[in-house]
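Structure first, commentary second.
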Amino acid sequence: MRKKILLFLLTGLLLSGCSEDPESKISNFASTIEKDTSSVNLHTLSQEDTKKQFKITNDEVSSYVVRSTYTDAELVEYGVFYLTDKENSKQVKNKIREHINSVAKRMKNVDETYYEIAKNGIIEEKDQYIFFCIAENQENMKNSFISYFSEEQPTNNEQNIINQN
C-alpha cells in the first residue's frame with residue numbers, strides 16, 4: 001500500500017514538473033507562430049505600452065505578449081494573454097475588441113486594405129489564454145493558436161533538445 005501511495009505521489013510530482021508556466025508557454029507560442037506565419041520585423045510592446053493600449057490590469061492577466069508591426073508592406077499585430085481568473089474573460093475580450101476597433105479606425109485613414117484586415121480582427125480563447133490577431137493571414141494564426149494550446153507542449157528541456165536536432 002505504501003509503495004502505491006509513494007508511486008502515485010512521485011508520478012504527480014513528475015507530471016506537475018513537466019507542465020510549462022504560462023509565461024514560457026506564451027513565449028514559445030510566439031516563436032512558433034512567427035515561424036509558422038513567416039512574420040518578421042515584429043516589435044514586442046512593453047508592459048507599460050500594452051497596459052496603456054489595452055487598459056488591462058495585473059488583476060485581470062498575469063502574463064502576456066503583444067507583438068506588432070505597422071509598415072507600408074504589412075499590418076500584423078497579435079497577442080496572447082493569460083487570465084488570472086477565467087471570470088475575467090469577458091472584460092478582457094471586450095478590452096481587446098476595443099483595441100482592435102481603435103486600430104481599424106486608425107487604418108481607415110491609411111489604407112482601405114489595412115482597414116478591412118483590422119476591422120475583421122480575431123479573438124480566440126482556449127482555457128485561460130486569450131489570443132487576438134490583426135493580420136492578412138489571421139485565420140492561419142488563429143489555427144496555430146488553437147492547435148498549439150490544444151496539444152501537450154514539450155517542456156523547456158525537451159524543446160531545447162528538439163531545437164538542437
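Just so you know, all these numbers are worked out from the coordinates, no wet-lab data involved. If you're wondering where the values come from, they're calculated on a predicted model, not measured in any experiment. With ideal geometry, Cβ positions are generated from the backbone for all residues, glycine too; neighbour counts draw on all protein chains shown.
Computed from the C-beta positions of ASP59 and ASN140, the FRET efficiency with R₀ = 41 Å rounds to 0.80. For the residue pairs LYS55/LYS105; LYS52/LYS86; LYS55/LYS108, alpha carbon separations beyond 20 Å are given by LYS52/LYS86; LYS55/LYS108. Ordered by the number of other Cβ atoms lying within 10 Å of each residue's own Cβ, fewest first, SER63, SER27, SER147 fall into the sequence SER147, SER27, SER63. Shown is the FRET efficiency for GLN91 and GLU112, computed with R0 = 35 Å from the Cβ-Cβ distance and rounded to the nearest 0.05: 0.65.
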